[in-house]
Every structure is written in structure tokens, then in C-alpha cells.
Amino acid sequence: MPDLTTSLIIGAGVSGIVIALAIVLRAMRRSSQERLSYPRQNGSEGARMFGNKPKPQTAQPSALSGKPETVVGVNTTIVGTIKTDSSARIDGTVEGDIEVLGNLIVGETGRVIATIKAQNVHISGAVKGEITAVDRLEISPTGKVWGDIFTSGLHIEPGGLFRGQSTMSTTAEEPLLLEAPRTPRSE
């Protein structure tokens, strides 16, 4: 039978090993969480995944802040009708009709041939068709629009292209037109 001193030494050694294992496991768990972390639910920061460096956040257009719920990805093509009660972003190709109760963003890789209706529209890609933006239509330097537009506010940044007719909806009354001065008749 081992004596009491031997039992205490063995017990202390086993406890030390258990503590060391717990420390190692905790360190391994922390490092794996740092490598495989996911974006936070509130969207405040993008986190790293598989050791990649975080991508710099680009500024959202002024009228279109908020995260879209519907996204058409870069390698996606949709032919038909898109309807959503929230905001949407198009980075792929869409042909047909788009009706968005929120904001619509057409990214730089977005290609759209459609009739568009949305609260606000920001275009960085290419759009061909009729656009109705209830509040504001923005065309960025990389944006191209061919077609008629109906909106309350229009902003085209230098480099942006617009070919078509625009109709501005407003509550302001049309000013009275003044007649041109008449030239005296020589008789």
C-alpha cells in the first residue's frame, strides 16, 4: 500500500496535468474562434473568416443607408418579376420587372433590363428601362442608365451616364411664363 505522502504527490501531479490541459484547450478554442469568426448580427463590423483580412467597408449612398434583405449575387441571372417589401441589391443580371417598397441598389457588376419601381434607387452598374424612384435616383460615376426616369430628386455624379427623358414630380406650381418683348412694327 502506498503511503500518504506518495498519494499526495501523485494527486498533485494529476491535478497539474489536468490544469495544463485545460489551459491548452482554452487557448486552442480562442485561436480557432478568432480564425473562424462570423460577422456580428448588428452588422457593425465584418469579421475575419478562415484567416482572411477584413475587407474595407465602402460608404453607403446617402439616401440608401441600411442593409438590403434581398440580394441578387454576381453570378446570378433572373428573368421575370422581383417584388419585395424591403430593400434589395442587384450585383447580377435581371430581366423583367422589379418592384421594391424600400431602396434598390444596382451594384457595379449589376446589369438590369427592366421596369423598376422603388422608393430610392442607386445605380453603379448598367440599367436599361423605365425607372420610377419615389424619392431619389442616384447615378454614381460607374452608373449607366438608358431609359426614361420619374423621380422627385435626381443626382448624377460626374462620370455617370443618363440617356433618356426625366420627369421630376414635385408639388411646386409651374411658374407663369413671361412673354418675350415685342418688337415694334415698322409701317
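Read the figures in this text as sums done on the coordinates, not as results from a lab. These numbers were taken from a predicted model, which means no experiment stands behind them. When we count neighbours, we look across all protein chains shown, and the Cβ atoms used for this are built from the backbone with ideal geometry, even at glycine.
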Quick one: which of 87-98, 72-83 comes out on top by average Cβ neighbours within 10 Å, and what's the full order, highest first? 87-98, 72-83
Taking N as the number of residues in the stretch 68-177, what value does Rg over Cα atoms divided by 2.2 N^0.38 Å take? 1.04
If amide H atoms are modeled at 1.01 Å from N in the peptide plane, then the residues at a separation of 5 or more from ILE149, or on another chain, having amide H under 5 Å from its own are ILE131, GLN165, SER166, THR167
Could you please rank SER169, SER124, placing first whichever residue has the fewest other Cβ atoms within 10 Å of its Cβ? SER169, SER124
